[in-house]
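Accompanying notes for the structure given below.
The values are calculated or read from the model by the stated rules, or taken from the named source; none is laboratory data. All figures in this text were calculated on a predicted structure; none of them were measured in a lab. All Cβ positions, even for glycine, are placed from backbone atoms using ideal geometry, and neighbour counts span all protein chains on display. These area figures cover heavy atoms from the full protein model, side chains too; ligands, DNA and RNA do not enter into them. Shrake-Rupley method; radii C 1.70, N 1.55, O 1.52, S 1.80 Å.
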Amino acid sequence: MNRFKVLLYSLTGVISVILILYGLNIYPTPGTDSRVFIPAALFYSRGLGLINPLYDVSVLGMVTDVQNSVKFNYYVPFFPMLLGSLSKIHPGVKAIFFICSSFSIASLFLYCRTIASVLPDRLSRLMKALVLCSIVYVVTYLIPTVGRPETITVLLVFMVFLLYNKKAGLNTVLYNVLICIIFSVMFATQVICFYFCFLFFVTFELINTANVFKTILLNTTRFAIIGLLFYVILSASPHGFTDTINTVREHASAAMTRKDRTIKLFIHYWLFAPLNFGFLVLFLLCAFFYVKLLFARLKNNSVVVVVLVCAIQFMVLYGIARFILYASPTVYNATQFILPLSVFMLLNIAALPKGLLKNLASALTITVYAGGILIFLRVFILFIDYKNDRKDYAAARPIINGFVHNNKHIFITVNLWPLVDDLNDIRFYDGIHIQKGDTLVVQQMYLPFANEILSKCTILYDWRTEERRKFLGIPLTNTPQGYSFTVCRVN
């Protein structure tokens, strides 16, 4: 193994340790979507079924559970079922996020191994820099406490990518069995991910086939088997196939009416969001290389293949418009493909002849990577600050539980939910509806305590810390990154 590959694997190893620390310390503090999926996994791990009392789908203008039994039936269930099953040995929020970090590490090592094996042995200094930077950059997409199904679909998508590229060396039966299993699990985890991944898979099957009709028959058979396995997985889930499908359809229909898709929001989520900084640049670069590849492969191909591939690309474009661009924050439906996108992009940049195009593609990529690396370093520095500040998960948990246990008059802000041992004790404070006598627990990081609210309250317990965080005199954030909070009673 040459020195560059040793450096590549060493960097991956160091970052993997950081991801484990993040999972064990439940850092960064989980975002709002985590309360949709992780509580269901926690209840499932404790043998209490697939339920979630913390996410109210009625906020989308619908109710999927008229019996008010807090069923998790509004999303395909494999992700919380898997986390819940794996954490049954030691149920708890920390165990679940540690498992999430393990999936992230698996994705990262597979990416590292792939990059090390597919790129030429002799690389320019620029390409070596791009490869090393890509390792750090993709980690920003793999933060374990995000708590969404993309935690495992990133890995599943990459496994399909790797299997397809290794199929020549695999037994045909084994290859097809693995492909069908992975796709069915993907389908039962994130439907949109399956939609796009299967379309791209069939596209490459068609442009590389020697027998188009055999390929059509084979993939039709695969789709039928995947559908059957999907049915089995959902039927085996606590709420069954019919109940889940009906409520998922209702939930999706309501979600598609979202209005958060302004130009300003698009620019934020596709270019500047910390979890996927500059993704739009990489997405457009890959789209350019992808279209270039399709034109080259279809140029001398049969009419049947050309028609079929064009039809599939129309479905891809429709899917992007319908399932990704319908709301700016749903960029995660595209970012879950970051690993194959990154490999594909780096291979194409490496293959470009010296000239303007190679220089432009390299410059754009290194700029995005540099931004992502700065974000990664910022988050890690704030992690050290988080531990030094002693306002971390371990310190906050017993304090919070002492306040909220069996107290129906206490309301907490949303992102404090991982601290509460019994999720049935949780009642959320929305920042607006407060009444005299209510006790509020307000997290300092996500919801600064408005002066007009503070003026109406008596502080019972102040566990706040210094607001602004600096490193070497450079401001990093205006809010602390820990679990600091204030407890007060409304006068």
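For the stretch 128-145, the set of residues classified as surrounded by 17 or more Cβ atoms within 10 Å (Cβ to Cβ) and out of contact with any Ser or Thr (no Cβ under 7 Å at 6 or more places or on another chain) consists of V131, L132, C133, V136, Y137, V139, T140, I143, listed by residue number. The single condition among (1) farther than 24 Å from V379 by Cα; (2) of a type outside the set (D, E); (3) at pLDDT below 95; (4) open to solvent by less than 60 Å² (accessible area, probe 1.4 Å) that R3 does not satisfy is (4). Residues of the stretch 384-403 include at least one that is farther than 9 Å from Y483 by Cβ, modelled with pLDDT under 90 and touching a Leu at 6+ places or on another chain (Cβ under 9 Å). Taking the stretch 267-299 as the range and being basic (K, R) and surrounded by 14 or more Cβ atoms within 10 Å (Cβ to Cβ) as the test, only R297 passes.
Every listed requirement among (1) within 20 Å of I152 (Cβ to Cβ); (2) at pLDDT 95 or above; (3) open to solvent by 20 Å² or more (accessible area, probe 1.4 Å) is met by T12 save one, (3).
Taking the criterion of being hydrophobic (A, V, I, L, M, F, W, C), surrounded by 23 or more Cβ atoms within 10 Å (Cβ to Cβ) and over 12 Å from L19 (Cα atoms), the residues of the stretch 93-111 that qualify are V93, I96.
Table: residues versus (1) at pLDDT 95 or above; (2) open to solvent by less than 20 Å² (accessible area, probe 1.4 Å); (3) among the aromatic types (F, W, Y); (4) more than 21 Å from the chain's Cα centre (by Cα).
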position	(1), (2), (3), (4)
A327	no, yes, no, no
T335	yes, yes, no, no
K354	no, no, no, yes
S362	yes, yes, no, yes
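Across the stretch 246-264, which residue is farthest from the chain's Cα centre (by Cα) among those that are of a type in the set (A, V, I, L, M) and either exposed (fewer than 14 other Cβ atoms within 10 Å of the Cβ) or part of a loop (DSSP other than H, G, I, E, B) (or both)? Per the criteria, the residue is I263. Has the stretch 155-177 got at least one residue that is surrounded by fewer than 23 Cβ atoms within 10 Å (Cβ to Cβ), touching a Cys at 6+ places or on another chain (Cβ under 8 Å) and either on the phi < 0 side of the Ramachandran plot or free of Cβ contacts under 8 Å to residues at least 60 places away in the same chain (or both)? Yes, because at least one residue in the stretch 155-177 is surrounded by fewer than 23 Cβ atoms within 10 Å (Cβ to Cβ), touching a Cys at 6+ places or on another chain (Cβ under 8 Å) and either on the phi < 0 side of the Ramachandran plot or free of Cβ contacts under 8 Å to residues at least 60 places away in the same chain (or both). One residue is enough: does the stretch 261-277 have a residue meeting the conditions touching a Ser or Thr at 6+ places or on another chain (Cβ under 9 Å), more than 24 Å from T189 (Cβ to Cβ) and among the basic types (K, R)? For the stretch 261-277, residues touching a Ser or Thr at 6+ places or on another chain (Cβ under 9 Å), more than 24 Å from T189 (Cβ to Cβ) and among the basic types (K, R): present.
Residues that are outside any loop (DSSP other than H, G, I, E, B) and open to solvent by 60 Å² or more (accessible area, probe 1.4 Å) within the stretch 455-480 comprise T458, I459, L460, Y461, D462, K470, F471, I474, P475, listed in sequence order.
May I ask you to say which residue of Y22, Y44 is surrounded by 20 or more Cβ atoms within 10 Å (Cβ to Cβ), at pLDDT 95 or above, outside any loop (DSSP other than H, G, I, E, B) and more than 20 Å from the chain's Cα centre (by Cα)?
Details: Y22 fails: more than 20 Å from the chain's Cα centre (by Cα).
Answer to the selection: Y44.
Listed by first and then second residue, the pairs linking a residue in the stretch 403-419 that is closer than 12 Å to L440 by Cα and in contact (Cβ under 8 Å) with a residue 12 or more places away in the chain to a residue that is outside any loop (DSSP other than H, G, I, E, B) and of a type in the set (S, T, Y), with Cβ atoms under 6 Å apart and 6 or more places separating them unless they lie on different chains, are H409/T439; I410/T439.
Restricting A236, A224 to those that are open to solvent by 50 Å² or more (accessible area, probe 1.4 Å), closer than 19 Å to Y44 by Cα and not acidic (D, E) reduces the list to A236.
Of the residues that sit in the stretch 79-92 and are more than 15 Å from the chain's Cα centre (by Cα) and either β-branched (V, I, T) or part of a helix (DSSP H, G or I) (or both), which one is surrounded by the fewest Cβ atoms within 10 Å (Cβ to Cβ)?
Within the stretch 79-92, the match that is surrounded by the fewest Cβ atoms within 10 Å (Cβ to Cβ) is I89.
Listed here are the residues, each with its yes/no results for (1) in contact with a Cys (Cβ under 6 Å, 6 or more places away or on another chain); (2) open to solvent by less than 80 Å² (accessible area, probe 1.4 Å); (3) assigned to a helix (DSSP H, G or I).
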{"site": "L374", "(1), (2), (3)": "no, no, yes"}
{"site": "N388", "(1), (2), (3)": "no, no, yes"}
{"site": "P398", "(1), (2), (3)": "no, no, yes"}
{"site": "N406", "(1), (2), (3)": "no, no, no"}
{"site": "D421", "(1), (2), (3)": "no, yes, no"}
{"site": "Q435", "(1), (2), (3)": "no, no, no"}
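Where helices (runs of 4 or more DSSP H) fall wholly inside the stretch 291-370, the ranges with 1 or more residues that are over 30 Å from L132 (Cβ atoms) and among the small types (G, A, S) are 303-319.
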